[in-house]
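Reading through the structure tokens given below for one structure.
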Amino acid sequence: MSDGDAPADDLAGGTAQGATRAAAVVIGRNEGVRLIACLESLSGRCAPLVYVDSGSSDDSVAAAAARGAEVVALDMNKPFTAARARNAGLARIGADAAPYVQFVDGDCIVELGWIETAADFLDDRSDVAAVAGRLTERFPEATVYNRLCAIEWQAEPGASDATGGIAMMRRHALAEAGGFNETMIAGEEPELCLRLARAGWAIWRLDHPMALHDAAMARFGQFWMRSIRAGWAALEGALMHGGGPERYNRARVRSTLIWGLAMPLTALAGGLGGIVAAFAGLLSLASASFAVASLAVALAALQMVRLMQQRLRRGDGWRIALAFAWFTMVAKPAQVIGMARLLRRNLRGGTAGLIEYRRAG
């Protein structure tokens, strides 16, 4: 439901209540009309409303100021990360502001009623540090990549390991945890949630509409770059916390290495080896090599079937299930590339730049 659909008395009551308990930090870079819609969905519902801009070349800063947001323009001479932007927004809020803060990306529209629902939940549950609701893709039918994002946003309500970047958080819990890790170019939200959980806090998801997200992914290249970033984040998290009792991200890294590296290399080596052996007249060796390659391909096909069955059990049609399975497997080599980039950065030292996959809004 949009703000315009709400009765005037309900909207006014929600505004007054929500604004006293929750501030908001919106981060963005060249989000264009998406940012305007985002800020308007929060106007009057959170105070203060802070927009942190990360070197936009469009009119984002002016648009945010015109809509009453306090604007923080990051110094782009320093390495930029979304974590750094969120921390800068937190710093601008000030110590005497509301006890909760709603984090929003500039490509999202916050649903009517979410701010009040989340604040009520945190009021009732003093053990919860962060709460998220249902994040919905605005245009899932626009491209197959948007549809994949819509699937990614789905999460079961209840206790959780992480919220994602769109969430309401308890400010003093954030302060105790030291905020977001500004060295991470991706995956900073689940890493923060892990630290909060280790400090004894609970993380929660509600079965309530929270925000509409505009993925705006139209090309395979965007999907590929986003997968590279995911691989980087998975390995970085595992290197930081994988030795702990949670075995953080170790299963993700193992899956990526199996399906994105070991299986493709096995299929390629077996196929090439079989061709070479056949030309050399070594038919037994050629047969064995082709058998190894065929086994790798068969295992990948079986994995795709398993992924399709997951989506079919959730009620998706076979076309969506097939697309999910195919692109999940295609993403694995890109994730391996992201892991390799991280390892190269760690060996060479220095800082990492953003891995961006979207054009300006």
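Some notes on this structure:
- Condition check for SER284: modelled with pLDDT of 95 or more and farther than 21 Å from ALA155 by Cα: no
- Matching residues, region 117-139, being under 16 Å from MET169 (Cβ atoms) and open to solvent by less than 30 Å² (accessible area, probe 1.4 Å): ALA118, ALA119, LEU122, VAL128, ALA129, ALA130, VAL131, ALA132, GLY133
- Restricting the search to helices (runs of 4 or more DSSP H) fully inside region 244-361 and requiring at least 2 residues that are within 20 Å of the chain's Cα centre (by Cα) gives 250-257, 318-348.
- Unmet criterion (only one of (1) in contact (Cβ under 8 Å) with a residue 24 or more places away in the chain; (2) closer than 24 Å to VAL52 by Cβ) for MET76: (1)
- A count restricted to region 151-181 and to residues that are outside any loop (DSSP other than H, G, I, E, B), of a type outside the set (Val, Ile, Thr) and either in contact (Cβ under 8 Å) with a residue 60 or more places away in the chain or open to solvent by 40 Å² or more (accessible area, probe 1.4 Å) (or both) stands at 12.
- A single entry from GLY113, GLY89, GLY94, GLY55 fulfils the requirement of being touching a residue at least 24 places away in the same chain (Cβ under 8 Å) and open to solvent by 30 Å² or more (accessible area, probe 1.4 Å): GLY55.
- For the condition surrounded by fewer than 18 Cβ atoms within 10 Å (Cβ to Cβ) and either closer than 25 Å to GLY165 by Cβ or at pLDDT 95 or above (or both), ARG314 qualifies.
- Lone qualifier among GLY243, GLY187 - being under 30 Å from ASP127 (Cβ atoms) and touching a residue at least 24 places away in the same chain (Cβ under 8 Å): GLY187
- Checked against the criteria, LEU302 counts as surrounded by fewer than 17 Cβ atoms within 10 Å (Cβ to Cβ), out of contact with any helix residue (DSSP H, G or I) (no Cβ under 8 Å at 6 or more places or on another chain), at pLDDT 95 or above and at negative phi.
- Residue in region 140-149 that is free of Cβ contacts under 8 Å to residues at least 24 places away in the same chain and under 20 Å from ASP107 (Cβ atoms) present: yes
- Of the candidates SER294, SER255, SER287, the single residue that is of a type in the set (S, T, N, Q) and open to solvent by less than 60 Å² (accessible area, probe 1.4 Å) is SER255.
- Selection count, region 58-99, where residues are in a loop (DSSP other than H, G, I, E, B) and either more than 14 Å from LEU42 (Cβ to Cβ) or not small (Gly, Ala, Ser) (or both): 16
- Among (1) touching a strand residue (DSSP E or B) at 6+ places or on another chain (Cβ under 6 Å); (2) part of a helix (DSSP H, G or I); (3) free of Cβ contacts under 8 Å to residues at least 60 places away in the same chain, the one test that LEU196 misses: (3)
The values are calculated or read from the model by the stated rules, or taken from the named source; none is laboratory data. Values in this document were obtained by computation on a predicted structure and should not be read as measured data. As a convention, Cβ positions derive from the backbone with ideal geometry for all residues, glycine included, and neighbour counts pool all protein chains shown. Each accessible area value is taken on the protein alone, full model and side chains, heavy atoms only, with ligands, DNA and RNA left out. Shrake-Rupley method; radii C 1.70, N 1.55, O 1.52, S 1.80 Å.
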